[in-house]
Structures are given as C-alpha cells and as structure tokens.
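S.K.: One structure is given below, represented as structure tokens, and several questions about it will come after.
The values are calculated or read from the model by the stated rules, or taken from the named source; none is laboratory data. These numbers were taken from a predicted model, which means no experiment stands behind them. Methodologically, a virtual Cβ is constructed for each residue, glycine included, from the backbone with ideal geometry; neighbour enumeration extends over all protein chains shown. Side chains included, ligands, DNA and RNA excluded: accessible areas come from the protein's heavy atoms. Shrake-Rupley method; radii C 1.70, N 1.55, O 1.52, S 1.80 Å.
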4 protein chains.
Amino acid sequence: MSSSFGNLFRITTFGESHGAGIGVIVDGVPSGMEISLADIQKELDRRRPGQSLMTTKRKEDDQVEILSGTFEDKTTGAPIAMLIRNRDADSSKYDKIKHLHRPGHADFTYHHKYALRDHRGGGRSSGRETACRVAAGAIALKFLESKGIFIKAATTQIQDVEAKQWLEDEIENNPVRTADPDVAEAMAERVKSAMAEGDSVGGVVECRIYGCPVGLGEPLYDKLDAMLAKAMFSIGTVRGLTFGNGFESASLKGSENNDAMDESGFLSNRCGGVLGGLSNGMPIVMQMAIKATASIARYQKTQSVEGETSELRVEGRHDPCICPRAVPVVEAMAALTIADAYLLACTQDPHLLSGNT
Amino acid sequence: MSSSFGNLFRITTFGESHGAGIGVIVDGVPSGMEISLADIQKELDRRRPGQSLMTTKRKEDDQVEILSGTFEDKTTGAPIAMLIRNRDADSSKYDKIKHLHRPGHADFTYHHKYALRDHRGGGRSSGRETACRVAAGAIALKFLESKGIFIKAATTQIQDVEAKQWLEDEIENNPVRTADPDVAEAMAERVKSAMAEGDSVGGVVECRIYGCPVGLGEPLYDKLDAMLAKAMFSIGTVRGLTFGNGFESASLKGSENNDAMDESGFLSNRCGGVLGGLSNGMPIVMQMAIKATASIARYQKTQSVEGETSELRVEGRHDPCICPRAVPVVEAMAALTIADAYLLACTQDPHLLSGNT
Amino acid sequence: MSSSFGNLFRITTFGESHGAGIGVIVDGVPSGMEISLADIQKELDRRRPGQSLMTTKRKEDDQVEILSGTFEDKTTGAPIAMLIRNRDADSSKYDKIKHLHRPGHADFTYHHKYALRDHRGGGRSSGRETACRVAAGAIALKFLESKGIFIKAATTQIQDVEAKQWLEDEIENNPVRTADPDVAEAMAERVKSAMAEGDSVGGVVECRIYGCPVGLGEPLYDKLDAMLAKAMFSIGTVRGLTFGNGFESASLKGSENNDAMDESGFLSNRCGGVLGGLSNGMPIVMQMAIKATASIARYQKTQSVEGETSELRVEGRHDPCICPRAVPVVEAMAALTIADAYLLACTQDPHLLSGNT
Amino acid sequence: MSSSFGNLFRITTFGESHGAGIGVIVDGVPSGMEISLADIQKELDRRRPGQSLMTTKRKEDDQVEILSGTFEDKTTGAPIAMLIRNRDADSSKYDKIKHLHRPGHADFTYHHKYALRDHRGGGRSSGRETACRVAAGAIALKFLESKGIFIKAATTQIQDVEAKQWLEDEIENNPVRTADPDVAEAMAERVKSAMAEGDSVGGVVECRIYGCPVGLGEPLYDKLDAMLAKAMFSIGTVRGLTFGNGFESASLKGSENNDAMDESGFLSNRCGGVLGGLSNGMPIVMQMAIKATASIARYQKTQSVEGETSELRVEGRHDPCICPRAVPVVEAMAALTIADAYLLACTQDPHLLSGNT
C-alpha cells in the first residue's frame, strides 16, 4: 500500500539510503513511447548530490540502469524497472548516533511503528529515495510532453528573501534554482550563512503546469488538487501547500475571488488552474512551504531509544537548504500525478490519448 | 474510482443537489461497535442548512435513514448504507441560468469533461454532497472515540478578523463556530456585511486531532499528512493547507524549526503532530484556507455553454460564508482519514485494534 | 475493500436479506449513455423470486429506484445509485434456528469472523444481494452493447442431465433456462423430484461473451481470465470454473490443445477466447459448477453457536435448484468484468471508447 | 494496475525473458520477521529450469539478490526488492520466428494490444516471470509458517495417469512432483514420450492449505475462493479450477453436498475449506487444470504479423510438461493470497497478528 503511488500511471519504489541500492517500477506507461537512458539521467543529474557548494558532499553519480519495459528505446507497455546502486554510503557517522532520535527526522516515529530500523542514513525514510521519484517522473514528463503538457518548478523564497519575478529560462542558471535572477545571490547568501553556522534554512518552491486539457481530475475524491496535494505532501519536507491565491483567498470576498470569464475564456487565474476539482485549461499554480533540512551540525536536545534525555550533533553530509534539489522532485511528483489523471480521464474521453482533443 | 475515499475504512457516495437524494456506503467498519441513528443525526444537524441567519435558507432537515450494516444498534461488519432524501429542492432558479457557467463553480469544467450535466443546484458538484461525508464521518468519529482519539475544528479567521484563542467549549456557542468568543461578533459582522452587499467572504478553519498513537501513516506515499491533504483538498472550498507552523517554516532555520525532545517527549509541536509522515503522538494541527462562497447575488461576467460572453447573477439560496458549516465537514474528513490510517496500521501492529497499545 | 468490485467500472453494494433494503452504487459509467429504469427492471425480473414453481416462493417484486447519476434518461458520469426495498421479509422462521449454524451456509464462518450476525435470512451473506449485481450488470450490459459486445448464459447441466445443444433463442422459453430444449423437461423433472424430497440439486451454467475486441485484460495479474474467475467465484454457489476445454486440457498434448491459425484467424477455440490473459477476439466461453442450494427441508446434523451438536431442518422458502436464477447473475458479473476491462484497455488504446477499433 | 498483485501483502513485478533481468518488490511485510537469502533461494531452486531431463535445458541458476527491506536478516517493514539477472538468454531462435504468432502463446494478443513487442523468448509474457512469484512467495510462506499455516502442492494427473494417493513426503522425491509414488514413473513416461515426439502434455496440480484460522476472506467480492481464483488464473497455464468436490457438486443433491457438523466440527470437507467465501478452519483444497506447454517442436499452422497464413516449429528449449515446475508457482501464489487475506482479516480481528487467536 505504502510504497506505490498512482492509480493507472503507477510507481512502486524500494531502497534505503545505505543499502544495496534504490529503484522504482513504473507501471501503466502506454507502449510505443520513445524513451532513452539519457532522458532519465538528465533529470537525475538535476537532483543528485554534490552539484554545488550548496548541496551535500555525498558523491553519488546516481547512474540509472533500465532493467525492463523498453525494447529498442521504445516502451512496450510492460513495467519499466530502474535501479540506482548506492556507491558512496558512509555509515560510520550513523553508528555513533544510532541509539538517538534525530530531531526533525523520522527516527522516533519509525522506531515506534516498526520496532526495528535500518538506522544508516535514515534508511527508508531518507531523502535519497526521491531519486526514484525523479527517474519515474522523467518518464511521466516525456509522456506529458507528447500531449503538450509542460511542468516548471522554481525556488521562490529562501528564509526572508522572496522572488519577485518568474523567468523560467533563468532557473537552471543559478545554484538556488530561482526564476528571479535579481535575488539569486541574496538567496545563496542565506544558505551559505546558515551553512557557516552549522545550520540550515527553509523556503518556498512554486510549481506551474502548462497545457493541461480541461477536465483532468476525478470528482469527488480524486479531485486534481486533492491528487496533487497527496503527491506534494508525500515529499518529506513539504509543510504547506496552496493553489492559486491560496491563503490570500481567506481574506477575500466572493466578488474578489471568483475568476470571471468572457468569450475568450477565464479573465484571471486566482483558482490556480483547478476549478471544482478539475483542470480548467489555465496554468496550474502551486506553492509549497519547504522546511529547513532537519540534519544540522549544532547540538540539539533529544531522546534515546531507551527514552532518556540526551543531546546530539548530526555530522554526516547534508544540504544546508533543500529547495534547489526539491525543484526536480516537485516536478517529478507533479508529472506522475498529471500523467495518472490523464490516463484516468481517457476512460471518459477517448480523444485524449489519440491527441484529437 | 472517483466516488470512493479511503483504503480499508472506505466510503462511496452518490447523489445530486436536486435529485432524489444523496447517500453513502461506509465499508470496513469493524463489527460490534455501538452506533445509533442519533449519533449520526447529531453531526448532520451541525452541517445542515438553515441553522442561523448566516447559512443558506434552503430548508433540508437532512433526516438520515440507515439502510444496512447495523443490527440491534451495533455494527455487523457489513457495509453501512445511509440515505438522505432531498426535500426542498427548488430548481426554478437554475433553469434560467442553465446555459451559463457560474464563476467559481464547476459548471465550465464539468461541461467540458462530461458533455452532459445535471445543472440543477450544481448537480453532483454541489456542496450538498458533504452531508454524506458528515454522516459517514460520524461513524468514524465513534470508532476513533473508542480508541481515545478526538477531533475538533473551528473557524480561526473570517476575512480580516483572526482568532487569538482556542477555547474548544466555545465553538458551538457562536454562529461562526470560532473557538475565540472575543472575535465571534466581529466575524459575524463581516459575514452580515457581505450578505448585505449580495457578496460572500472567505476564512480559515483549523482542525486538531488528539490522542493518535505514534505510527499512523504508511510511508512513503500514504504518509499521514499526504492522506490528510488529499482529504482536505477533496473539500471543494479548500484552497490551502498547512501542518503545524506551515508557511512560517519557510523562513526558519533548522535549529528554529526542529522539535527537540527530552525524556518527557517532544518539547514543541512545530511539525503539527506528523513527523516523517507518521503521527508522533502530539496533537495533529492543520489550517485550511477556505474560499468565499462562489455563488453571489452580484453581476459577474461569464461565458455561456455556446462560448459567448454573458453576465449572470446567482439567485438561489446560498451561504454568505461557508466556514461555520465547513467545520463539521473538516472534522468528518479528518475522522475518515484517521480511521483508515488506524486500520492500515493494524496490519503492522496487532495491539492497536485490541486497545493494548 | 470487501463490498466493492471492479477498478474503473466499479460497483459497491449494501444490504441484508431482511433489512430495510439492498442497493448498489455504480461508479465510472461514462456520461451520455442512454439508460432507463426499464432496462434495469427487465434484468431484475429475470432474477427475482417467484417466477415459476421452481423458485423460492418469497414474493419480492424487486422494484428498483434510481437515486442518482442519470438526468433525462442519460448517464451524467456521476455515480448511479439504485435501491431495492425489501417487502416480503419473514424472519420468524429464522428466529427459531438463530442459534444453529445451517450446513452449507456462511453462518459458522460469519459467526467466527464478526462475532455478531444479522441472522435473519442469512443477512449479508444471503443470495438476495445478487439482485444488486444484476441491477448494476444491466448498466454494464447496456454499455457493452454499445460496443458490440453481447453476453449469454444458460444452464447446461442439472444433476445428471446434460445439454447437448446451444440454441440461445430457447433459453428464456423454459423454466430451467437451458439452451437445449430437448433436455429442458428432464432437467425440470430432476428439480421437481428433489423438491418433493425436501432436497435440492446442483448443475452447470455456461456463459459466452461475444464481440470482445482483441486485447482486453491487463497482464500479468489482471489477466482477463483471472478477472473473470474472481467475478465468478464471488458468486456464492460457484464451486468450479473452466475456460474453453478446461479440465479436458489436462489430458491433451500441446499439438492437440493449441489453437492453430491461418490468415482467416483462429481455426479452433480450445482456449475459450482468452490467450495469454488477453481476449483474442474469439467468443469467451466459461463453465461454472453450481452447487445445490444449501437450504433443504431435511434434517441435518450441525453445531450450535455454543459449540454443541444439534440438528436442524431449514424451513423458509428456498430454490430447489439455483441454476435458472444464477444465469442472469453470471451474465451480470461477466458484464461488469468486461466493462471494467474495457475501460482499463482504453488507457492503452484510445480507439476503444470512440468506437474506431 | 497490471503488474501488482495483492492489497496489503502486495507484490509488483517486472522483467522480460531475455532482458537484463526480472524482479519483484514485496510490500506490506510486517517488520521483525526473520528472512534469509537461503529461504528464498531454496524455493527458487525448486522452480528453476534444468533440474531434470523433464525440464527446459535453459541454464539459469536464478541467483536472487535482495536489494532492500531487510536489515541484519530481519524485515524492517520497508519494501523488499529482489533481482534475478538473466544469464543464459539465447534470442537467436526467436529472431527467426519473430514475425510469426506462436500458437498457444500471447504473441497474437500482445501484438494487437501493444503494437510493439519484445519478441525474445516471449518477453513479458514468458513463464520466466513466475520466478518472481516464487521469490515473493517464499517470504509469504515464511510469514504464514509463523502463524501455523502451511501449503503443499503436487501433480495429481499427467495426461491420462491419475494419482490415487496424497503422500506429501514423497512429492520432492520424484521428478514429476506427484504425491503418489506408485504412479510417478508412469507419469514420467508420458512426459518422455511426448518429448520424444517433439510434443508436450498437460495435467492437474492440486494445492492444499493447512492451518488457516476461521474467517479469512472479505465478503462479498474478496471472498477467499475468489481471491485464490484470481491468483490461480493469473498463472498462464491454468485452464480450470475447482474447490473441494468442484464439478462433482453439479451432480449432487443438497443433502449429499452440504458438510454437516457436530460438536467436534465439520464432518466432511466437500466445500474444500471455504464456506460463504471465508475459510472455515478445514484444509483448503484446490485442483487446477494445467494445459500442455504451448511451445512444441512440431509444425503448426499460424498467422504472421502481416496476417498471412504460415507455419512454424518452435525450436528453443522448453518444458515438455510444466506441472512439476508449476507446483512451486501454485504454492507461491496461494501463499501470497493467504498472506494478503490474513492482513486484511487483522483489521477486523486484532488477535490474528499477535497470534492470540
């Protein structure tokens, strides 16, 4: 139940941070779609550690192997399995603190749920598993691209620095992955400053989905925003989510918040592209609050597995701000969700898959 | 797919605003649990229209009939079906505007997805269906109560008026269902003022869940916060959701955001009771942004089903602010989610159901 | 989990034999399909009790009410709920034996699983619930008809009398619903003879599905034959199932069992229309062994709920042979399965729904 | 959808006959269970090719690697992934016939469903994937063993030779895996004789499940027999299935077919251990008709992918009778189904997992 995501376009993942490797099976991909190893590796490279001073120094090249489901670089309709071996797992730092629950981590809760835990690097609860989401997401992105759907995420806030512009071509040009080049340096300074203190910082990531046909989402309980919400909160660091004008809507009147229309279509996009749980043809716009990385090199009070008061300092190698690496993960989870909603919608509208919308 | 919610504790609903009636099947309820019609009617009465000046004047007494699944006031393990007949459906107001897409409503998107639509009162997309959630939620609340789990929601903001206190005993004492009696009147004024203008207002609802054992939630994709997020965004008026300190976490450092522990347990609850996707034993705290009711008695620009520019004024009978009636709906969806997570967790921890935690 | 069947074309049922009523929600039906109350009632009338001397004398006219999901006699894409009230429930006969487990019934197993049981008429485990399957199946049959798919079942054996012909037009012309008019009378004699002894008899029902496009079924675990097998064994009286030449295949060589082809297609249909788990375009042919009705008016040894040896004679009103009434139930379950497989296949082949195969 | 089996104890498989390898993710395994590589390899060795003259000469040692989900030889509650590399894949024989649909195989149906096919060794539709079922089944068997549940399958018929005894200790002592040593040689002769003619033979496999507590199975649509039926027919070679006295029940009266009880329990087991869709505490007994291997070295008439009449002779390396190797596959699928039913039942009865039944 827990290791699968999606209904028809469906992933199942496995693997721990310091085990043999991590991987994913992507099921439900229509046959005949072109997909190459490079398509997938490209997205993984955007997520992998060690890209810049701002990310963990763990050296994983995250080389992916496709084990099944493609033949002569085309999908066959069979499940696509991908494997990424762990290379640079250094468990020594974790052995010293294996009896202590790291604050902000899943140690305490996993310990109580499963009694037994692979403590090395967080085991199953490690952010390392997001590589599987990105690998699978690359296939979903490819599928959506063929339907004219595109997804872009970017960092829009780090600590107190907020982006004022959305220039998509700039996102990959700065290490914090913001779409506003004017604040990129200030954002980077916040990260470096936290790093210098052995601390970390949080931020906001925004995601935009373009080109969705009208009608994706399945009322009443698989509304498109509900499906996306589940996807976003399945990412460990997401603490808040809004669509469109989000929490601002709480302060507005109906006359200020409704999106009026005329013959040309919607005159505003306050709803963020989802109306009545279905895509309305406008860009889907989501903002996610991303908490600061829990692992910090400062002393924190905690509890031991025996229930005693203790103190620990997490050494290891950690990202001082996870936003830049969260960007491809957010895109991947959005892509998997939209691909699933797309296939679900095909059972109502036969023209979707054939492209004659 | 779309009309069911939950994995093991599972509801399936049906019905349109102006059809014969609405109803729900609740499946997976353990046998031997006491449940009476009064338990369910009590919750429905909190949601039903016409409770105060602040709610729609549609007169539905929302009398529920239990069709199956109980025997001598105990659950038998069989599916529990409940039916609420529609009584005061007045479709005349809708016939006049059936060719126009009401701004902020699902008219446009349903029209494009299904080609055919029961336009009367919003049909399937009407908020009326939330009565089914509340009826089913009453059973979930009863189940959770037997496990020592309790849920309370309240309005914490209407337009610009914010609550400063959380006094649970006060919630049912004021028509806006706020837990802060000091601002109840100001909140009510905002609603009346909007109503006078033929307009509506939005707000924020907070929900607290007490008594969850440690370990509810199924990593990695049915994390408890992910399951709750899907539940909350399946409610039509929810536009934003946070857990614990939510969007504030974006501005904090790791050292400020992590919840430290000592031998007594957690020293703070910034994470809002969910850590690593699992309940951590602290109260679960969520805030939802609720948009202003889309139906307003003011002229709005819109599109007709033929694609032409038009204008409409929604007459009907509508809630000027949905927050007070959203409170029991939020509680119901939270209860259904936690009950489902509870049963899922039983497959790992046998002591949960027997109560020997 | 337990009260739903199907993935995309999905039913959820409720109700007990002697409760307020029984019903079903059919979810996933594409919008715009014509469906009338008469379409559904017609199928229910084929299943209802009291049709002939050969069926139980319980008088249920099984009048169905459509509660939702249609508008002006067309489906809207919303869930279709149907309700059948119980009228002629006489529980007095059951009160006398409520402490005894009826042999061949679910009494013993339900008693141990749920501790608590609605004993009246078998409660949830009663064959009465099959009316819900037939009502839902009528919608599936209508959907399949629009795709050129037709389903016919008939009794091919009662006790030792076997049918030698398959004349579909004859099925509704005799009370045992056999397709071989030459043995209809002999079959009826077997039933009457058992009835005279206060006993019952078993038989075989065959089902044929015509017009399936090639490729229905989802490898590897939702093979079409696996899906159909789950459907057939979900009917309480089915004890055995074969496809095509079935158990005969155990005695054959590969050269005798394979279906060869030439340019015109398959030269035989030993596989019964399913090859590699997918429909191959030939008629799908299944045979089901149907056990004799468990309720008999003869003394049988049994156990009481307290675990003591006892004896009982089931009075009530029961079918001496359930085959004739199993025929529409088998057709309904086959239709629901094929409709579900059809929608699943649409996510791979867009031409299915639009009819351009 | 298609590559997963099970609800709570759930497998997802991948891989083609001649690709990089095959594998499986097993999700939902409770934590703290001891499991070693040897436990799994032992079962795989019973299924692997090349065990005797009677099986295909393809040389795969089927060495399995556990990639995740265990720590210090115990399960952690995380998904368990296993990988088996393909070693001795020889695709040359398949290249010659890649434009021809092999009779009795999925070639024709996959070709029409997916347009594109990995033709090498049957690709995804190859029986090779059953190794994944066996690897996963080994974990399920281990889980069930800890609950006192045991599963045994054996060949009870090959062509016209039927077993008369059921001596479980004998099963692994003869190459056809029959429980009747008196007919083992005659069965082997039938296989060798077919092999000599370049042909193959079918048979019957019986499976017995001991020690199930009363109440496994979820009415009405996940009845235990329905779940097992889906599992059995998901095995490519199964053509028929019966429980208990199966097709014989068609000829019996109710008084002959019901299992009477007294204070000691059931006095017979004609129902085969499943009553009203729930396990009744008696051994569960199933018989499966297994068709002759479709690949034979004799000329057969067929169709080419272009639709023309042709002829082919399947060279490759194939099992002349699949029954002996089907035995561990049947056990594995039965084990996966019972383990899933067991976890589902825990949500009703908390004592199951803790063992205090």
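S.K.: Identify, from the list D:162, D:172, D:168, the residue that is over 20 Å from the mean Cα position of the chain (by Cα), among the acidic types (Asp, Glu) and at pLDDT 95 or above.
M.R.: D:162
S.K.: Ok, one more. Tell me which residues, restricted to the stretch D:197-220, are facing chain C (nearest Cβ under 7 Å), in a loop (DSSP other than H, G, I, E, B) and in contact with a helix residue (DSSP H, G or I) (Cβ under 6 Å, 6 or more places away or on another chain).
M.R.: Scanning the stretch D:197-220 gives D:199, D:200, D:202, D:214, D:215.
S.K.: Checking residue B:168 against (1) touching a helix residue (DSSP H, G or I) at 6+ places or on another chain (Cβ under 9 Å); (2) more than 13 Å from every other protein chain (Cβ to nearest Cβ), which single condition isn't satisfied?
M.R.: For residue B:168, the failing item is (1).
S.K.: If I go through the stretch B:257-286 residue by residue, how many of them are more than 7 Å from every other protein chain (Cβ to nearest Cβ), surrounded by fewer than 23 Cβ atoms within 10 Å (Cβ to Cβ) and part of a strand (DSSP E or B)?
M.R.: The qualifying residues number 3.
S.K.: What is the one condition in (1) surrounded by fewer than 24 Cβ atoms within 10 Å (Cβ to Cβ); (2) in contact (Cβ under 8 Å) with a residue 40 or more places away in the chain; (3) touching a strand residue (DSSP E or B) at 6+ places or on another chain (Cβ under 9 Å) that residue D:198 does not satisfy?
M.R.: That leaves (3) as the condition not met.
S.K.: If residue B:137 satisfies every condition in (1) open to solvent by 30 Å² or more (accessible area, probe 1.4 Å); (2) not in a loop (DSSP other than H, G, I, E, B) but one, which is the exception?
M.R.: Failed condition: (1).
S.K.: Return yes or no: is residue C:55 touching a residue at least 12 places away in the same chain (Cβ under 8 Å), closer than 28 Å to residue D:272 by Cβ and either crowded, with 19+ Cβ neighbours inside 10 Å or within 14 Å of chain D (Cβ to nearest Cβ) (or both)?
M.R.: Criteria met by residue C:55.
S.K.: Please specify each residue of the stretch D:175-192 satisfying the condition of being out of contact with any strand residue (DSSP E or B) (no Cβ under 8 Å at 6 or more places or on another chain) and either closer than 18 Å to residue D:287 by Cβ or open to solvent by less than 20 Å² (accessible area, probe 1.4 Å) (or both).
M.R.: Scanning the stretch D:175-192 gives a single hit, D:188.
S.K.: Name the single residue, out of those in the stretch A:101-130 being touching a residue at least 24 places away in the same chain (Cβ under 8 Å) and among the hydroxyl-bearing types (Ser, Thr, Tyr), that is farthest from residue B:219 (Cα to Cα).
M.R.: The extreme case among them is A:130.
S.K.: While we're looking at this one, here's another question. With the requirement that a residue be among the charged types (D, E, K, R) and over 10 Å from residue D:294 (Cβ atoms), what does the stretch C:247-264 give you?
M.R.: Passing the criteria: C:248, C:253, C:256, C:262, C:263.
S.K.: Have a look at B:325, B:317, B:298 and point out the one that is in a helix (DSSP H, G or I), more than 30 Å from residue D:347 (Cα to Cα) and either open to solvent by 10 Å² or more (accessible area, probe 1.4 Å) or at pLDDT 95 or above (or both).
M.R.: The unique qualifying residue is B:325.
S.K.: Then there is this: Could you grab me the full set of residues in the stretch A:68-88 that are outside any strand (DSSP E or B), more than 14 Å from residue A:132 (Cα to Cα) and either at the interface with chain D (Cβ under 7 Å from one of its Cβ atoms) or open to solvent by less than 40 Å² (accessible area, probe 1.4 Å) (or both)?
M.R.: A:68, A:69, A:76, A:77, A:78, A:79
S.K.: May I ask you to list pairs of residues, at least six apart or on different chains, whose Cβ atoms are under 7 Å apart, with the first in the stretch B:308-323 being more than 28 Å from residue B:157 (Cβ to Cβ) and the second being aliphatic (A, V, I, L, M) and buried (at least 19 other Cβ atoms within 10 Å of the Cβ)?
M.R.: Final answer for the pair search is B:310/B:100; B:312/B:97; B:312/B:100.
S.K.: Another question, then. What's the number of the condition residue A:123 fails, among (1) open to solvent by less than 20 Å² (accessible area, probe 1.4 Å); (2) at pLDDT 95 or above?
M.R.: So the condition that residue A:123 fails would be (2).
Each row is one residue, and each column tells you yes or no for (1) facing another protein chain (nearest Cβ under 9 Å); (2) in a loop (DSSP other than H, G, I, E, B).
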{"site": "A:23", "(1), (2)": "yes, no"}
{"site": "A:30", "(1), (2)": "yes, yes"}
{"site": "A:40", "(1), (2)": "no, no"}
{"site": "A:45", "(1), (2)": "no, no"}
{"site": "A:105", "(1), (2)": "yes, yes"}
{"site": "A:109", "(1), (2)": "yes, no"}
{"site": "A:117", "(1), (2)": "yes, yes"}
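S.K.: Shifting gears a bit: Of all residues being within 7 Å of chain C (Cβ to nearest Cβ) and hydrophobic (A, V, I, L, M, F, W, C) in the stretch D:1-15, which is least open to solvent (accessible area, probe 1.4 Å)? Just the residue, please.
M.R.: D:5
S.K.: I'm trying to understand the selection: among the residues of the stretch A:225-256, which are closer than 20 Å to residue B:254 by Cα and either basic (Lys, Arg) or touching a Cys at 6+ places or on another chain (Cβ under 7 Å) (or both)?
M.R.: Hit for the stretch A:225-256 is A:239, nothing else.
S.K.: Would you check if residue A:93 is within 14 Å of chain B (Cβ to nearest Cβ), among the charged types (D, E, K, R) and more than 24 Å from the chain's Cα centre (by Cα)?
M.R.: no
S.K.: Any idea which residue in the stretch C:221-256 is most open to solvent (accessible area, probe 1.4 Å), counting only those that are within 7 Å of another protein chain (Cβ to nearest Cβ) and in a strand (DSSP E or B)?
M.R.: Across the stretch C:221-256, the extreme among qualifying residues is C:253.
S.K.: Can you name the condition, by its number, that residue A:11 falls short on among (1) part of a helix (DSSP H, G or I); (2) touching a Phe, Trp or Tyr at 6+ places or on another chain (Cβ under 6 Å); (3) β-branched (Val, Ile, Thr)?
M.R.: Residue A:11 satisfies every listed condition except (1).
S.K.: Go through A:292, A:332 for me and flag whichever is in a helix (DSSP H, G or I), in contact (Cβ under 8 Å) with a residue 60 or more places away in the chain, among the hydrophobic types (A, V, I, L, M, F, W, C) and open to solvent by less than 10 Å² (accessible area, probe 1.4 Å).
M.R.: Testing whether each residue is in a helix (DSSP H, G or I), in contact (Cβ under 8 Å) with a residue 60 or more places away in the chain, among the hydrophobic types (A, V, I, L, M, F, W, C) and open to solvent by less than 10 Å² (accessible area, probe 1.4 Å) leaves just A:332.
S.K.: Does residue A:19 satisfy being in a loop (DSSP other than H, G, I, E, B), open to solvent by 10 Å² or more (accessible area, probe 1.4 Å) and over 30 Å from residue A:188 (Cα atoms)?
M.R.: Judged against the criteria, residue A:19 is a match.
S.K.: Just the residues that are open to solvent by 10 Å² or more (accessible area, probe 1.4 Å) and touching a strand residue (DSSP E or B) at 6+ places or on another chain (Cβ under 9 Å), please, taken from the stretch A:101-113.
M.R.: Listed by number, the residues that qualify are A:102, A:104, A:105, A:108, A:110, A:112, A:113.
S.K.: Only one of these is open to solvent by less than 20 Å² (accessible area, probe 1.4 Å), of a type in the set (Phe, Trp, Tyr), over 30 Å from residue B:33 (Cβ atoms) and touching a Phe, Trp or Tyr at 6+ places or on another chain (Cβ under 9 Å): C:143, C:150. Name it.
M.R.: Result of the check over C:143, C:150: C:143.
S.K.: Let me ask another. Among C:28, C:77, C:23, which is more than 22 Å from residue A:349 (Cα to Cα) and among the small types (Gly, Ala, Ser)?
M.R.: None of the others qualify; the one that does is C:23.
S.K.: Now, a different point. Working carefully through the options D:115, D:81, find the one that is at pLDDT below 95 and of a type in the set (A, V, I, L, M).
M.R.: D:115
S.K.: Being within 23 Å of the chain's Cα centre (by Cα) and under 30 Å from residue B:85 (Cβ atoms) is true for just one of C:104, C:122. Which residue is that?
M.R.: C:122
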